[in-house]
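Peer 1: Handing you this structure, nothing more for now.
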Amino acid sequence: MTQAQNDILDLIIIGGGPAGVTGGIYAARKKLKTVLITGEFGGQSNVSPDIQNWIGTPHISGADLAKNLEKHLREYESTEQNETTLIIEHPSLAAKVEKTNDIFKVTTSNGTEHNAKALLYTAGSVRRKLPAKGADEYEHKGLTYCATCDGPLFTGRDLVVIGGGDAAFETAAQLLEYAKSVTLLNRTDKLSADAVTIEKVSAHPNMTVITNADTTEVLGDAMVTGVKYKNTETAEEHSLECGGIFVEIGMIPNTEILKNINDVLDTRGRIEVDPWTQQTKVTGLWAAGDCTNVRYHQNGIAMGDATKAIEDIYSVLKTK
Ligand SMILES: Cc1cc2nc3c(=O)[nH]c(=O)nc-3n(C[C@H](O)[C@H](O)[C@H](O)COP(=O)(O)OP(=O)(O)OC[C@H]3O[C@@H](n4cnc5c(N)ncnc54)[C@H](O)[C@@H]3O)c2cc1C
């Protein structure tokens, strides 16, 4: 079903990950006239073989989770016979966002245009990938980008964390609860994490921090067995045996198409939101999930933030 060119909807949602799907379901149940545009369903944890913190379901693959999210959303999809309010554009990417006279216009990669009074942006982010030989090959075979998601699977092993910011040190702190040892490798001599965090985590007897260590190769057979790194000052090469690698070298928010709208993004390209309402500094624009400046990144957090956003959108559109 397509939207007539000049219809003004209540809401456009961009993204079909946990945040976007949650937004779509809540919006449809509140009878907000909504279009949801997404490239794919499920979001970043799609690739996970075994998600163990989807509360209420002890084990589910990312692929099954994505199917369930899409199925649940489509229960509310508008059809010719069914006078409900949700239009789903999939697979389709939002290519342009404009705001004129309090109305948002989103143009998709298929050339469709949608106009609405409110926009909920949930296009997520991508993890910055480790630029080392073997990193792609060993992803999900001992190399992972999420300690909260996968950490307990690595109990009793010698582990490596790559990165030097707060996320890397917080990952190390989590892993120290069950790892035999944690070695943190940071490419430069400067650790960017908070000084108190560095001091506290580094003081753990099973923790080692190595700076000027540029990870060059992930070693393994069927699974990860170690890493190679080069000392950036001496060019000396080193190998380190380990039973798992956690990469925390940053996230890249999918916010390119908002760059033409003033006051939305912070210096790292994340959408700044008021955590009380999920409103941005631009009237009519809300955001939720990993594309925002939220501190932690989990499916449950993205869904909770999108729920909050829809409650607020409804309140602003219908009662203010
Ligand atoms: C490998 C991995 C494993 C993880 N495992 C877990 C786990 O076990 N448990 C857990 O709680 N969390 C896990 N996470 C974190 C979790 O996946 C994220 O926090 C969560 O997916 C964020 O949801 P989101 O909806 O904000 O964004 P995303 O999941 O990033 O979804 C963004 C959505 O927007 C769509 N999109 C992007 N650009 C556009 C555009 N221009 N137009 C239209 N659509 C667009 C994408 O197709 C996608 O559907 C994992 C993350 C990774 C990387």
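Derivation of every value follows stated rules applied to the coordinates shown; laboratory data play no part. Since the model is a prediction, treat every value here as computed from it, not as a measurement. Methodologically, a virtual Cβ is constructed for each residue, glycine included, from the backbone with ideal geometry; neighbour enumeration extends over all protein chains shown.
Peer 1: What trypsin sites (Lys or Arg not before Pro) in the range 150-205 are in a loop by DSSP, with at most 12 other Cβ atoms within 10 Å of the Cβ?
Peer 2: LYS190
Peer 1: Taking the square root of 5 times each eigenvalue of the Cα gyration tensor, what semi-axes in Å does the equivalent ellipsoid of the range 1-124 have, largest first?
Peer 2: 27, 15, 12
Peer 1: A follow-up question, please. Where Lys and Arg each count +1 and Asp and Glu each count -1, what net charge lies around ILE103 among other residues with Cβ under 13 Å from its Cβ?
Peer 2: Value of the local net charge: -2.
Peer 1: Return, in residue-number order, each cysteine of the chain whose C-beta is not under 4.7 Å from any other cysteine's C-beta.
Peer 2: Flagged as lacking a Cys partner: CYS242, CYS291.
Peer 1: Right, another one. How much mean residue ellipticity at 222 nm does the chain get from its helices, if each DSSP H run of length 4 or more adds -39500 (n - 2.57) and you divide by all residues, to the nearest 500 deg cm²/dmol? Provide the component values of the computation, followed by the final result.
Peer 2: On the way: 6 runs with 69 residues, N = 320.
Taken over the chain, the calculation gives -6500 deg cm²/dmol.
Peer 1: How large is ³J(HN,Hα), in whole Hz, for each residue of the range 198-213 in order, when computed from phi with the Karplus curve 6.51 cos²θ - 1.76 cosθ + 1.60 and θ = phi - 60°, using x for Gly and Pro?
Peer 2: With the stated coefficients, the range 198-213 comes to 4, 5, 5, 5, 5, 6, 5, x, 9, 10, 10, 10, 10, 9, 6, 10 Hz.
Peer 1: Mind ranking 205-216, 293-304 by how tightly packed they are, going by the mean number of other C-beta atoms within 10 angstrom, highest first?
Peer 2: Listed from highest to lowest mean packing, they are 293-304, 205-216.
Peer 1: On to the next question. Any idea what angle helix 299-319 forms with the longest principal axis of the chain, computed on alpha-carbon atoms, 0 to 90 degrees, nearest 10?
Peer 2: Helix 299-319 sits at roughly 30 degrees to that axis.
Peer 1: Could you list ASP150, ASP166 in order of exposure, starting from the residue whose Cβ has the fewest other Cβ atoms within 10 Å? Walk me through the numbers on the way to the answer.
Peer 2: On the way: ASP150 22, ASP166 16.
Ascending Cβ contact count within 10 Å gives the list ASP166, ASP150.
Peer 1: Moving on. Above 18 Å lies some portion of the pair distances; for the range 94-246, what is it as a whole percent of all C-alpha pairs? Before the final figure, lay out each step's value.
Peer 2: On the way: 7302 of 11628 pairs.
Pairs farther apart than 18 Å: 63 percent.
Peer 1: Students often get this wrong, so check it: of LYS105/LYS281; LYS141/LYS180; LYS133/LYS200; LYS71/LYS259, which have C-alpha atoms separated by over 28 Å? Walk me through the intermediate numbers first.
Peer 2: Numbers: LYS105/LYS281 18 Å; LYS141/LYS180 19 Å; LYS133/LYS200 32 Å; LYS71/LYS259 33 Å.
Distance filter (> 28 Å) returns LYS133/LYS200; LYS71/LYS259.
Peer 1: Which whole-Hz couplings ³J(HN,Hα) result when phi for each residue of the range 53-70 is put into the Karplus expression 6.51 cos²θ - 1.76 cosθ + 1.60, θ = phi - 60°, listed in order with x for Gly and Pro?
Peer 2: Whole-Hz 3J(HN,Hα) from phi for the range 53-70: 10, 8, 4, x, 10, x, 9, 8, 7, x, 5, 5, 4, 4, 4, 5, 4, 5.
Peer 1: Please determine, in degrees from 0 to 90 and to the nearest 10, the orientation of helix 166-176 with respect to the longest principal axis defined by the Cα atoms of the chain, where the helix direction is its Cα long axis.
Peer 2: Result, in degrees: 60.
Peer 1: From zero outward in steps of 10 Å, how is the percent of C-alpha pairs of the chain spread across the bins?
Peer 2: With a bin width of 10 Å, the distribution comes to 6, 25, 29, 21, 14, 5, 1, 0.
Peer 1: Taking neighbour counts of Cβ atoms within 10 Å as a proxy for exposure, in what order, fewest first, do TRP54, TRP286 appear?
Peer 2: Going from sparsest to densest Cβ surroundings: TRP54, TRP286.
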